[in-house]
Amino acid sequence: MHFKVMTYNVHHGKGLDKEVDLDRICKVITNSNADIIGLNEVDRYFSKRSHFQDQMEYLTNKLNYYGAFSPSLSLKPKTNHSTRQYGNAILSRFPLHASKNYIFSNRLYFIEDRSILEAAIPFDDKLVHVYVTHLSLNPCLHKKQSEFIINKVKRPAVIIGDWNMNVQSKRWQKVVEVYRDVWDSVENQTGLTYPSKKPRKRLDYIFVSEDFKILDVQVNESIPTASDHLPLVATLSI
């Protein structure tokens, strides 16, 4: 069978017009027809910037997808609000068999913690392990996360997210020694995703284990103003 996977840094729904509009994010996802979506920078009751909204609940209800969330940051609530969280999420048309969250902390208070969300999704007689992450700009945390991904993930694996690294960099080269960058199947295309208006960098990636065939890869430009990143979509078969 084949299915579509999307990775999308939604910037807590804040678009290039500085407005927070989750309905635009929903339209992008709907336009993509993606079956499994990895999201970065999702808020749950986080702050005034996203109106203390549970964005995960809104997206799963609006789109009628199954969902899982992994907080990279969990902060004390303000007044009557719940614990303030910010992190990664998975939306899926298929039921999620199980989900886990791996936290990568840093003792320096000014360095943002990061996380990896793992979910197992059944496809016929196989469990596909989907990992969503937003790798740190801090070299130490980036190394911890990437080493975990290279050595610890379960297969068959789809690994998606904002990696904060450049293609052909040393970090990228270490990953592709083990997993395939879906853009390797595309000739004469760059896969640039950031910034969403006139993108100059490829920060968002989909990596897969050898269990998959890559059928198609595209950058979704349907609503570039919806976030500061463009989403990347790949059609895979197992």
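Here, each number is a calculation from the coordinates, and none is a lab measurement. A quick note: this is a predicted structure, and the numbers were derived from the prediction, not measured. Cβ: placed from backbone, ideal geometry, glycine included. Neighbour counts: every protein chain shown.
Under a point spin-label approximation (7 Å from Cα along Cα-to-Cβ), what is the Arg200-Lys174 distance to one decimal in nm?
Label-label distance for Arg200 and Lys174, simple model: 2.7 nm.
Whole Å is fine, so just give me how far the alpha carbon centre of segment 1-65 lies from that of segment 159-238.
Using only Cα atoms to place each centre, the spacing works out to 18 Å.
Would you be so kind as to identify all helices of the chain, as entire DSSP H runs, whose Cα atoms reach 18 Å or more along the helix's own axis and whose mean Kyte-Doolittle hydropathy is at least -1.0?
Qualifying helices, which must be both long enough and hydrophobic enough, are 139-152.
Stretch Ile238-Asp124 to full length: gain in nm at 0.36 nm per residue minus the Cα-Cα span?
Length gained between Ile238 and Asp124: 40.0 nm.
How high is the relative contact order of the chain? Use alpha-carbon pairs under 8 Å, at least six apart in sequence, and give a whole percent.
That works out to 22 percent.
Fewest to most neighbouring Cβ within 10 Å: what's the order for Thr235, Thr7?
Ascending Cβ contact count within 10 Å gives the list Thr235, Thr7.
Assuming a viscosity of 1.567 mPa s and a temperature of 4 °C, what translational diffusion coefficient in µm² per second does Stokes-Einstein assign to segment 2-237, Rh being the Kirkwood radius over Cα pairs?
For the chosen part, D equals 73 µm²/s.
Order these by the 10 Å Cβ neighbour count, fewest first: Thr193, Thr133, Thr83, Thr60.
Ordered by Cβ neighbours within 10 Å, fewest first: Thr83, Thr60, Thr193, Thr133.
Using the number of other C-beta atoms within 10 angstrom as an exposure proxy, rank Cys140, Cys26 with the fewest first.
Cys140, Cys26
Taking amide H positions as placed 1.01 Å from N in the peptide plane, with prolines and chain starts having none, which residues 5 or more places from Val158, or on another chain, fall under 5 Å of its amide H?
His129, Val130, Tyr131
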